[in-house]
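What follows is a single structure, written as structure tokens, with notes after it.
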Amino acid sequence: ARAREDAGLRRRLLPRDGGHGGLIDLASNDYLGLCRDPRLAAGAARAVREYGTGATGSRLVTGTTELHAELDRRLAAFTGTAAGLVFSSGYLANLGAVATLGGPDVLVVSDRANHASIVDACRLSRSRVEITPHRDVAAVRRALAGRREPHALVVTDAVFSVDGDLAPLAALHAAARAHGALLVVDEAHALGVVGDGGRGAAHAAGLAGEPDVVLTLTLSKALASQGGAVLGAPEVIATLVEAGRAFIFDTGLAPAAVGAALAALDVLAAEPGL
């Protein structure tokens, strides 16, 4: 702790009040300014009145309400994918997707600038992981061509959280498909921001609904709620339900967050100009 203090690296929590003290907030992830939108607050309140304050259990036990199932469907439809599965955080969605689809017989190829949740997911996957230079499609091709494992995942942020640049998704998908790999794209910073009506970077790249593309996302940024999701082919979603430890053993997303996220999707549908 002293060494971190001397290096200026100590982390501290700084509580804020509800009104930001008259300051303009340029630090939050509330990309579309919906966090205080009364339509989202009303959606959250309706969900609490009907379902209570908590999901009451994991989604495989009592934690899947009709609202959760609706959000699974609505997120998939909004992004143009076949099926969806809501997690209690975007971090867990990445852990669930990569750790479950990975394994000792799977090479994971990961961009060096990927989010920490992807880094941790790679470590949990028990896969051999090859880190490639940022946005370097040629390096991805070389890693896939030289692999000894029968299966492979290529994992990338859609919009990189620090640099703010876009992944070359069309080229990455072509490389992955040529070598029989799945492409996993984290849309956390792209949903609501990139593409027609904010449908995400994969949709904008023409990859929506491709069976070898898996999307992860968070509800806590453009949708101004909390939680995450994995979207993709029905076989992928079924695998996560069957074997995804980050899904199976976690309490379901609180109803208020589900209600707010559904309301945010309504706002995006009504106001695509956002």
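The values are calculated or read from the model by the stated rules, or taken from the named source; none is laboratory data. Please read all numbers here as calculations on a predicted model, not as lab measurements. Counting neighbours? That spans all protein chains shown, and the Cβs are built from the backbone with ideal geometry, glycine included. Accessible surface is based on the protein model in full, side chains and every heavy atom, while ligands, DNA and RNA are left aside. Shrake-Rupley method; radii C 1.70, N 1.55, O 1.52, S 1.80 Å.
One table, with the values for the structure above:
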quantity: 1 or more residues of a type in the set (Lys, Arg) and open to solvent by 20 Å² or more (accessible area, probe 1.4 Å): qualifying helices (runs of 4 or more DSSP H) within the stretch 180-274; calculated: 245-248
quantity: Hits in the stretch 11-60 (condition: in contact with a helix residue (DSSP H, G or I) (Cβ under 8 Å, 6 or more places away or on another chain) and either of a type in the set (Phe, Trp, Tyr) or modelled with pLDDT under 95 (or both)); calculated: 51
quantity: Some residue of the stretch 47-64 being closer than 16 Å to residue 224 by Cβ and among the polar types (S, T, N, Q); calculated: no
quantity: The listed residue being over 20 Å from residue 51 (Cβ atoms), modelled with pLDDT of 95 or more and under 13 Å from the mean Cα position of the chain (by Cα), out of 231, 240, 219, 223; calculated: 231
quantity: Residue 71 vs. criteria open to solvent by less than 10 Å² (accessible area, probe 1.4 Å), within 28 Å of residue 210 (Cβ to Cβ), touching a helix residue (DSSP H, G or I) at 6+ places or on another chain (Cβ under 7 Å) and part of a helix (DSSP H, G or I); calculated: yes
quantity: Unmet criterion (only one of (1) in a loop (DSSP other than H, G, I, E, B); (2) within 25 Å of residue 265 (Cβ to Cβ)) for residue 11; calculated: (2)
quantity: One residue from 86, 48 being β-branched (Val, Ile, Thr), in a helix (DSSP H, G or I) and touching a Gly at 6+ places or on another chain (Cβ under 8 Å); calculated: 48
quantity: Qualifying residue in the stretch 74-81 (condition: assigned to a helix (DSSP H, G or I), aromatic (Phe, Trp, Tyr) and at pLDDT 95 or above); calculated: yes
quantity: Those residues of the stretch 124-137 which are closer than 17 Å to residue 157 by Cα and touching a strand residue (DSSP E or B) at 6+ places or on another chain (Cβ under 9 Å), in sequence order; calculated: 129, 130, 131, 132, 133, 134, 135, 136
quantity: Test result for residue 149, in contact with a Lys or Arg (Cβ under 8 Å, 6 or more places away or on another chain) and at negative phi; calculated: yes
quantity: Pairs, first under 16 Å from residue 251 (Cβ atoms) in the stretch 40-55, second open to solvent by 60 Å² or more (accessible area, probe 1.4 Å), C-beta under 7 Å, six or more apart; calculated: 55/251
quantity: Options 94, 114; residue that is touching a strand residue (DSSP E or B) at 6+ places or on another chain (Cβ under 9 Å), assigned to a loop (DSSP other than H, G, I, E, B) and closer than 25 Å to residue 195 by Cα; calculated: 114
quantity: Residue match in the stretch 187-196 (condition: at pLDDT 95 or above, within 30 Å of residue 254 (Cβ to Cβ) and touching a Cys at 6+ places or on another chain (Cβ under 8 Å)); calculated: no
quantity: Out of 106, 86, 159, sole residue that is open to solvent by less than 60 Å² (accessible area, probe 1.4 Å), modelled with pLDDT of 95 or more and within 17 Å of residue 238 (Cα to Cα); calculated: 86
quantity: Any hit, the stretch 89-96, residues being in contact with a helix residue (DSSP H, G or I) (Cβ under 8 Å, 6 or more places away or on another chain) and either farther than 18 Å from residue 226 by Cα or β-branched (Val, Ile, Thr) (or both); calculated: no
quantity: Filter result for the condition that a residue is within 21 Å of residue 195 (Cβ to Cβ), of a type outside the set (A, V, I, L, M) and either surrounded by fewer than 19 Cβ atoms within 10 Å (Cβ to Cβ) or at pLDDT 95 or above (or both), over 123, 148, 142, 177; calculated: 177
quantity: Sole exception among (1) within 24 Å of residue 161 (Cβ to Cβ); (2) small (Gly, Ala, Ser); (3) surrounded by 12 or more Cβ atoms within 10 Å (Cβ to Cβ) for residue 7, by number; calculated: (3)
